[in-house]
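Taking it in order: structure first as structure tokens, then the write-up.
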Amino acid sequence: MSEAGSDKPAERAEAPLGTRVGNPSFPGEASQAHTACDGYAGDGTSRLMEEVLRRENLMRAYKRVKSNKGAPGVDGMTVDELMPYCRKHWSEIKEQLLTETYEPRPVDRKEIPKADGKGTRMLGIPVVLDRLIQQAILQVLTPIYDPTFSENSHGFRPGRSTHDAILKSREYVNEGYTFVVDMDLEKFFDRVNHDVLMSRLARRIKDKRLLRLIRRYLQAGMMEGGVVSPREEGTPQGGPLSPLLSNILLDELDKELEARNHRFCRYADDFNVYVKSEAAGQRVMESLTKFLEKRLRLKVNRDKSAVGRPWERKFLGYSFTNEVKPRTRIAPKSLERLKQKLKPIWKRGRGQSLKMTIKQLNQIIVGWASYYRLSELIWPLKKLDSWIRRRIRCIIWRHWKTPKTRLKKLLARGVPIHVAGPCAYANAGPWKSAGLPGMNMAFPNKTLQRWGLKCLLDEYRRFALSL
């Protein structure tokens, strides 16, 4: 294998993936990676398959797939088994990819509950070998496509996040665009039209081998209960390539919105358009519905799509206050969703140690505080903290089981008998009993904090200071 800086990747001698050749350093660790931007993109992207199969690109893809871990696909191969398999079979796999005889394996169908608790979302988990190849394709196509995407597109892009989308939407609302066209695409990832998507890809990719491989990934069957079903539409979530393909398809929507000079924010298939009147919003919704359904062959969910005020709608879990200068806040549905997410922890807490329960809680508290650090309204966090602490006291109450044990434990923690007695023998149920003065005296906030329970408000402030 030649040096990483060579400008003739097509002339490199390829050894099996994962072997050491020449330079003793592990392949793919060169300081300057050769990418599609400075490689084949300049010649009309007609030799992208060679770029996909270049050693440095494959090793970078392997490291990413390994770090992401993930469940095995239909063949049962784990991420740890991938490298030994490639060392043995890579020459054959590479030949199949170059001669267009490679056939992706069916994806494993999985259904997970939607964030709002209504219905399920379908995932298609590719085998680890196909995840490696898709990741290698993604790394080549991203530097070609990403620079051409709209500034208002924030999902699944390097250096961009949901927070960028929220900040942009806040900017529009504070500029006076106080009506929002909230569009919902029905089962977007399941309904992507393959012909429409491939026609968009063919406008820029001239390597027909790569185009045919991508189509094969789109059409790879889906296995459920041992039966493989063919797939004629959709790009199921679960594979590394799906997010980029969705952005390539929806970039046409972005360009249409920009041509109309609209203010909008898009994160994957979630997008809002900001206008100054309800009448303008209705016109925009009607025209966009026609564009999406006729031009891109996507289906708009008319039950969930609406024109409203920003404080009446939610976007990526956030909403706004109804004030002269609206502020970002956590959407009410997001608060309810957190409570639903914590339910299994409260249930498990009855049969496990309090230390383990607090550890599980802390993981969610830190992640949640990090995500909602843009909220400018903190009183919901105070209420959630109070609710979480009472739930902890409720678990302790259940652990004690009998009134006699409760009285003994409360007295041991310094609670006066005239307070401990009514609390221990209360006939009000665990939740109400957990809110009685005796339990608050026995387990004040400082005690729970000393045991390691993180404060949601404190974590929020810590993350907010890093902005």
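The values are calculated or read from the model by the stated rules, or taken from the named source; none is laboratory data. Please read all numbers here as calculations on a predicted model, not as lab measurements. As a convention, Cβ positions derive from the backbone with ideal geometry for all residues, glycine included, and neighbour counts pool all protein chains shown. Heads up: the accessible areas ignore ligands, DNA and RNA and are worked out on the full protein's heavy atoms, side chains in. Shrake-Rupley method; radii C 1.70, N 1.55, O 1.52, S 1.80 Å.
If one takes the longest principal axis of the Cα atoms in the chain, at what angle in degrees, from 0 to 90 and to the nearest 10, does the Cα axis of helix 208-219 lie?
So the helix axis and the longest Cα principal axis differ by about 40 degrees.
Carbon and sulfur atoms: what percent of the 1.4 Å accessible area of the chain do they account for?
Within the chain, the accessible surface is 50 percent carbon and sulfur.
After finding the eigenvalues of the alpha carbon gyration tensor for segment 279-327, what semi-axes result from the square roots of 5 times each, listed largest first in whole Å?
Gyration-tensor ellipsoid for segment 279-327: 26, 13, 8 Å.
Please give the per residue accessible area of the chain, computed with a probe of 1.4 Å over protein heavy atoms only, in Å².
I get 49 Å² per residue for the chain.
Pull out a ≥ b ≥ c, the square roots of the eigenvalues of the alpha-carbon gyration tensor of segment 326-461, then state rounded if a/c is under 1.5, prolate if not and a/b is larger than b/c, and oblate in the remaining case.
Verdict is prolate for segment 326-461.
For the peptides 85-93, 176-184, what is the packing order when you average, over each peptide's residues, the other Cβ atoms within 10 Å and list the highest mean first?
Ranked from most to least packed, the peptides come out as 176-184, 85-93.
What is the angle, in °, between the Cα long axis of helix 456-465 and the longest principal axis of the Cα atoms in the chain? Nearest 10 is fine, range 0 to 90.
Compared with the principal axis, the helix lies near 50 degrees.
For Arg121, what residues show an amide H to amide H distance below 5 Å, using hydrogens built from the backbone and excluding near sequence neighbours?
Ile112, Lys114
Please list, short to long, the whole-number percent of alpha-carbon pairs of the chain in consecutive 10 angstrom bins beginning at zero.
Percent of Cα pairs in each bin: 4, 16, 22, 21, 18, 11, 5, 2, 0.
Residue by residue through segment 309-319, what is 3J(HN,Hα) from phi via Karplus (6.51 cos²θ - 1.76 cosθ + 1.60, θ = phi - 60°)? Round to whole Hz and write x for glycine and proline.
Calculated HN-Hα couplings, in order: 7, x, 7, 9, 10, 10, 9, 6, x, 9, 9 Hz.
On a 0 to 90° scale, report how tilted helix 379-400 is relative to the longest principal axis of the chain, with both axes built from alpha carbons and the result rounded to the nearest 10.
Tilt relative to the chain: about 70 degrees.
In whole Hz, what ³J(HN,Hα) sequence does segment 405-421 give by Karplus (6.51, -1.76, 1.60; θ = phi - 60°), x for Gly and Pro?
Once θ is set to phi - 60°, the couplings for segment 405-421 become 5, 4, 4, 4, 5, 5, 5, 5, 8, x, 7, x, 4, 6, 9, 5, x Hz.
Using θ = phi - 60° and the Karplus curve 6.51 cos²θ - 1.76 cosθ + 1.60, what whole-Hz ³J(HN,Hα) does each residue of segment 97-112 get, with Gly and Pro shown as x?
5, 6, 9, 6, 10, 6, 10, x, 6, x, 8, 8, 6, 10, 10, 10
Measure off 7 Å from each Cα along the Cα-to-Cβ vector at Arg87 and Ser150, then give the distance between these two points in nanometres to one decimal.
4.9
Kindly rank 286-297, 437-448 from highest to lowest mean number of other beta carbons found within 10 Å of each residue.
Output ranking for 286-297, 437-448: 437-448, 286-297.
Considering only Leu436, Leu132, Ala464, whose Cα is most displaced toward the positive end of the charge dipole of the chain, charges sitting on Cβ of Lys, Arg (+1) and Asp, Glu (-1)?
Selected residue: Leu436.
Pull up all non-local amide H partners of Tyr318: gap of 5 or more, or a different chain, and H-to-H distance under 5 Å with H placed in the peptide plane.
Answer set, sorted by chain and number: Ala331.
What is the Cα centroid distance between segment 366-406 and segment 165-207, reported in whole angstrom?
37
If each DSSP helix of 4+ residues adds -39,500 (n - 2.57) and the sum is divided by the residues in the chain, what number results at 222 nm, nearest 500 deg cm²/dmol?
Roughly -15000 deg cm²/dmol at 222 nm, from the helical runs in the chain.
Please give the per residue volume of the convex hull enclosing the alpha carbon atoms of segment 149-304, rounded to a whole number of Å³.
It is 127 Å³ per residue.
Write down the Kirkwood hydrodynamic radius of segment 66-116, to one decimal in angstroms, obtained as one divided by the mean of 1/r over all alpha carbon pairs. Can you show the working numbers first?
On the way: mean 1/r = 0.0750 Å⁻¹.
The Cα-based Kirkwood calculation yields 13.3 Å.
Under a 5 Å amide H to amide H cut-off, with H placed in plane at 1.01 Å, what residues pair with Leu377 once short-range neighbours are removed?
Amide H neighbours of Leu377: Ile330.
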